[in-house]
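No value in this document is a laboratory result; all are computed from the given coordinates. Model, not experiment: these values are computed from the prediction.
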Amino acid sequence: MRLLAPLVFLVLHGLGVRACWAVWELSVQRRMVLRILADRYGLGEIGVQALSVLTAGAVIAGGFELARVAWWAARRRAERDVALRLRVAVYFGVALVVSSVFVLSTAESFQGPFRVRHPVTAELVLAGAYLGYVLWTWFLPAARRGLPEGLRRLAERLCLCGVVGVAFGELSLRFVAAVRPTPILITRDTPSQIRRESERQRPGALRFHFPMNTTGHYDGEFAAAGEARRPLVVSIGDSFSYGSVPHHYHFTTVAERASGLEIYNLGFPGIGPADYLELLVSEALELEPDLIVIQLYLGNDIVTSPAPPGPPRWHDADAYLLPIVWHRMNILRRLEISRTFLAAVESSGVSLTRRFPWLEDPLVERPTMGADLFHQLEARIAWAICIDHRGAHGRFFAELDAILAAAGSTPVAFVLIPDELQVEEGLWETVQGMNEQPLERDLAQRKTVEWMGSRRLPHLDLLPLLRAVEPLADGRRHVYHLRDTHFNARGNAVAGEALAAFVARLLGDGGAGASEAVAPPAPGAEGSAADHPAGSAEPALPLRLEFGSGGERPFLLHGWAQAENMGGRSFVWSLGARSALEVSLPPEGALRMTFAAAPYEFPGRPAQVVGVFVDGTEIGAVRLGKGLGTYSLDVPAAARGASPCRVELRYAYTRAPADFMEGALDRRQLAVAWFSLEFARAAE
């Protein structure tokens, strides 16, 4: 014991000094963050200095104590109060974790994440806790002389009860979560089957003042098998189906009104293709539908739903179940207050749009989560769906095959729901800068549509329609809730109208068993998909895209920025080393591709060369001159595959304005400004 005790305290104080030194370095590196936090709490520059002194003091105090323990060990002097000092170290440690997970961690939503928004604050609390422990060690003899023994024993008993209570509560909740899970006990590690059932609300539970039906789904009552109005469509999905808008505005309700068909809505938050299969087998087929529509959210159905970046650390509430339950209880308490208020408003006859003004005006909506966390989440989603991870699509398609096999003779169709980063240009540019690997924005749609096309499966891709939505005054389309990843009323309206046309066409064309793939027509305009439908025998020519007009967006796949204006003329910058678009071209005869473009120019730039590939075959390379110019090259029939054709543009170089322009914040990798592109018959 004489040698073991000094060794334990050497390790304890060594780790403490190392941690506090790391915190001091972090406080120096993140001084701007500290200044922002200090201003938020009214501390000002004095607060920043005080935090720096705190961390430095912890390092110095810990260093003295480390030296004292080493000196005593070298002189073989016995440590005093070993058991008491170790117990108090545990008390300080538990107090540190408790303060971080209950006070510093914040709940972004009921589902989480529950994280410390600024980890530097938890690190500062760690330094303060260690400094407090060292000071307690120094003043222990004085405390013994100045405080009655009864008071000291009472204090220790209270601390011991607190530690035991926290540990017992955590273990008890974990046991209950494993035996009888409920929504309040669900974490990101819970199996999806348990998560799905835990989200099934009791019949009559209100969601946006609409009662859940007797099966726990966000819809009206389902008729017994054979008694529903025909034809009957059953929609299966995840949180998009569960809905984040009042029932009247949900896309299946919109589709019902627009099509006149009966559409039953089945879905729960946080589930995926394996759960869709279970819902199809256990509930959908029993309803004897004429068509089953699977809503695939490509943001997380291909790759397992992305969690917040990185695993939770010791200071995050996500790492423990007790603080998660505490945060959720607070949310429910606030929600109950809100419901009481809304019930009073409802009884006064105020409409839904008065209660939820964002239903009509998305610009007044409050964000669901903080900007930093939302961008990190979207960057993680981009990593998951915009990079071709080995085996991911194969597993996804195997799950879809299992759904088709289980459906048997019941027709199945699919709706492809994009993530917001694929729709909003500003968000896409942000997440591009947060990922080191090159991203293909529409990879998930391209792979899925190719697979479904090869299987001749009916599918509706919502991406072109959502991109065609007219932006609002701030330049954003606002089809998703603000920093939420789910459709708002505006997005539900687009999806609902498209779904109505989709299912009406399937059921009106002799049933959904028709083998060809189905895609929605894009808005009719010159150069639009309505004039040049994918897969048509003889697409109309010439096909002309005017970049920046909005009509080109349904054709653009990835590698494109938002529209800008130069000299009174609209254009679109390419982003990254490659840009891609998809157009319908006739299979026979030589075509001529003509485009107006300008290279991104800067001092000492090399010549920009654009390599043009059609369906993977290089048809030529064009050297761009200075400024805006018009260029042409032939597109031989041999290079074109089945329509629609994929056109890829590869650039010799890219540069970011921030790399060479002092004070510039634009880090986009630019290559060419595109003004127009046209395909026409080549002159004989």
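Summary table below
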{"quantity": "Residue-by-residue Karplus 3J(HN,Hα) for the range 322-328, coefficients 6.51, -1.76, 1.60, Hz, glycine and proline x", "calculated": "4, x, 4, 4, 4, 5, 5"}
{"quantity": "Segment Thr214-Ala402, extension gain: residue separation times 0.36 nm, minus the distance between their alpha carbons", "calculated": "64.9 nm"}
{"quantity": "Sequence-distant residues sharing a close amide H with Asn488 (under 5 Å, placed H)", "calculated": "Tyr480, His481"}
{"quantity": "Residues with amide H under 5 Å from that of Arg592, placed H, sequence gap 5 or more", "calculated": "Val635, Ala680, Arg681, Ala682"}
{"quantity": "Separation of alpha-carbon centers, the range 220-234 and the range 425-491, rounded to whole Å", "calculated": "32"}
{"quantity": "Between the range 152-174 and the range 240-282, the alpha-carbon center distance in angstrom", "calculated": "46"}
